[in-house]
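The block underneath contains the structure these notes are about, expressed in structure tokens.
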Amino acid sequence: MSTNDSPEESGPGSAGQPPGDVPPQDVPPQDAPKKDEPAQPVPTPVQADRPEETGRQRLAAGLWPPRVSRAQLIVALLLFVLGLGLAIQVRSNSESSALRGARQEDLVRILDELDGRTKRLEEEKQALEDQRKELESSSNQAEEARRQTVEKERQLGILAGTVAAQGPGITLKITDPTGQVQSDQLLDTLQELRAAGAEAIQINGVRIVAGSYFSDENGGVAIDGKKITQPYEFRVIGKPQDLEPALNIPGGVVQTLEKEQATVAVTRSAKIVVDALRAAKQPDYARSSS
């Protein structure tokens with residue numbers, strides 16, 4: 001055998017290993033720690049230890065703290081104004097529905113009272129304007145002011161019942177032979193006269209003021225604790241053209257009293273005297289501020 005046929009040491013070009021194949025070598029990984037450096041711990045996610053949130057917790061986290069934009073504030077304000085307007089509209093509709101169910105006589109009476117109050121307010125407004133013009137045009141303003149003060153004191157005395165009064169008005173006489181008229185019906189009559197513009201009223205010698213009250217007594221009615229008996233006579237100072245129609249409207253005072261078998265007589269007069277007086281009461285605590 002020749003030397004070419006003898007086996008040789010295996011090498012990179014030997015027949016025992018194909019050419020081009022390089023044996024793998026031990027290459028250290030790049031991330032491997034060096035011998036002199038300690039191994040760093042691997043970070044663990046924080047979320048792994050937190051419990052899972054419930055739906056209510058997520059909802060609360062989304063609602064608080066509130067995140068309100070300018071557009072949302074404007075929308076909320078518009079909705080508030082709309083709700084307020086609807087509430088006012090509903091309230092006004094409920095009040096007007098009460099008038100829809102009223103009888104024709106009641107509507108006539110309400111309209112008549114409103115017309116009377118409007119006229120009285122217009123007259124009072126005109127009187128105040130005249131007083132202002134007199135004060136502005138008067139050469140002696142101090143004297144004019146004193147005169148108006150005295151006149152105002154007299155008017156307040158009439159309302160308080162401390163001074164007598166006279167003027168045009170009516171006399172209302174209620175005869176109740178069966179004793180069916182009660183104190184509440186006399187009170188309704190008084191309120192009707194006041195609504196029609198009565199300025200001074202006297203009933204059977206008792207002066208009526210703002211604090212007067214009615215009560216039922218055996219065989220009659222008491223006003224401010226003083227018993228009166230029928231016939232009940234009202235002396236009323238005011239505009240007769242307003243007082244008498246207010247009593248005679250359909251469903252008014254006269255018709256109500258006649259249903260109780262009472263007789264009602266209304267008489268106009270150019271001069272009615274109201275001379276029953278009230279004692280002036282000195283206030284215990286109130287004092288004039290002027």
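For region 165-230, with only Lys/Arg (+1) and Asp/Glu (-1) charged at the beta-carbon, what is the dipole magnitude about the Cα centre, in debye rounded to 20?
It comes to approximately 240 debye.
Ranked by accessible surface with a 1.4 Å probe, highest first, in what order do Val221, Val264, Val273, Val90 come?
The residues order as Val90, Val273, Val264, Val221, largest area first.
List the residues of region 229-244 whose backbone N lies under 16 Å from a point placed 7 Å from the Cα of Val273 along the Cα-to-Cβ direction.
235-237
Taking a ≥ b ≥ c as the square roots of the eigenvalues of the Cα gyration tensor of region 176-290, is the shape rounded (a/c under 1.5), prolate (a/b larger than b/c) or oblate? Let's see the in-between values first.
Details: a/c = 2.10, a/b = 1.40, b/c = 1.50.
It is oblate, given that a/c is not under 1.5 and a/b is not larger than b/c.
Determine the relative contact order of region 223-290: mean sequence separation of Cα pairs under 8 Å and six or more apart, normalised by residue count, in whole percent.
Working: 21 pairs, mean separation 21.9, N = 68.
With pairs under 8 Å counted, the relative contact order is 32 percent.
With +1 on each Lys and Arg Cβ and -1 on each Asp and Glu Cβ, and nothing else charged, work out how big the dipole of region 140-290 is about its Cα centre, in Debye to the nearest 20. It would help to have the intermediate numbers written out before the result.
Numbers: 17 positive and 19 negative charges, 105 e Å.
Here region 140-290 has a charge dipole of around 500 debye.
Apply the a/c threshold of 1.5 to the C-alpha gyration tensor of region 214-275 and tell me whether it is rounded, prolate or oblate.
Numbers: a/c = 2.38, a/b = 1.26, b/c = 1.89.
Here region 214-275 falls in the oblate category.
What whole-number value in Å² describes the accessible area per residue of region 111-240 for a 1.4 Å probe? Write out the running numbers ahead of the final one.
Details: 7520 Å² over 130 residues.
Result: 58 Å² of accessible area for each residue.
The values are calculated or read from the model by the stated rules, or taken from the named source; none is laboratory data. Because the structure is a prediction, the values reported are computed rather than measured. Reconstructed Cβ throughout: ideal geometry from the backbone, glycine too, with neighbour counts over all protein chains shown. Note: areas computed on protein heavy atoms with side chains; ligands, DNA, RNA excluded. Shrake-Rupley method; radii C 1.70, N 1.55, O 1.52, S 1.80 Å.
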